[in-house]
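Nothing in this text is a laboratory measurement; each read-out follows from the coordinates by a stated rule. This is a predicted model, so every value here is computed, not measured. Positions of Cβ are generated from backbone atoms using ideal geometry, with glycine treated the same way; all protein chains shown enter the neighbour counts.
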Amino acid sequence: MSKQLVVAALSNEIYLANINKNGMMSDSGREVVTDQVIQAMFQHMKKLYDRTGKTKYIIDGFGQIEFTPLEDDTQ
């Protein structure tokens, strides 16, 4: 089994989890990584903005995520 990022239907948490052959998340070895995923996405968007000025992603079927830099860019 390989680990994949999965959004849990009930809790809305993001897990790094093993997916079984039926396509379901396994109870063993799963880890909640919601905060780490969000932090990584912000870091990615900040670097993308710094390099290209691009501020958003549009994801077909879902919507868009837009990055707004802080006024005080010391963080």
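Scattering from the range 1-67 was approximated by placing one identical point on each alpha carbon and applying the Debye formula without solvent; log10 I(q)/I(0) at 0.18, 0.23 1/Å stands at -0.80, -0.99.
Relative to the longest principal axis of the chain, what angle (0 to 90°, nearest 10) does the C-alpha long axis of helix 34-52 take? Compared with the principal axis, the helix lies near 30 degrees.
The dipole here belongs to the chain: it is taken about the Cα centre, uses +1 on the Cβ of Lys and Arg and -1 on the Cβ of Asp and Glu, and is about 400 debye. Going from the residue with the fewest nearby Cβ atoms within 10 Å to the one with the most, E66, E71 rank E71, E66. In percent, rounded to a whole number, the relative contact order of the range 3-66 is 18, using alpha-carbon pairs under 8 Å and six or more apart.
Of the residues S26, S11, S2, the one with the fewest other Cβ atoms within 10 Å heads the list, and the complete ranking is S2, S11, S26.
Output the pairs from K21/K46; K3/K56; K21/K54 with a Cα-Cα distance over 30 Å in this structure; if there are none, say none.
Numbers: K21/K46 37 Å; K3/K56 28 Å; K21/K54 39 Å.
The pairs that break the limit, which is 30 Å between Cα atoms, are K21/K46; K21/K54.
Could you line up R51, R30 from fewest to most neighbouring Cβ atoms inside 10 Å?
R51, R30
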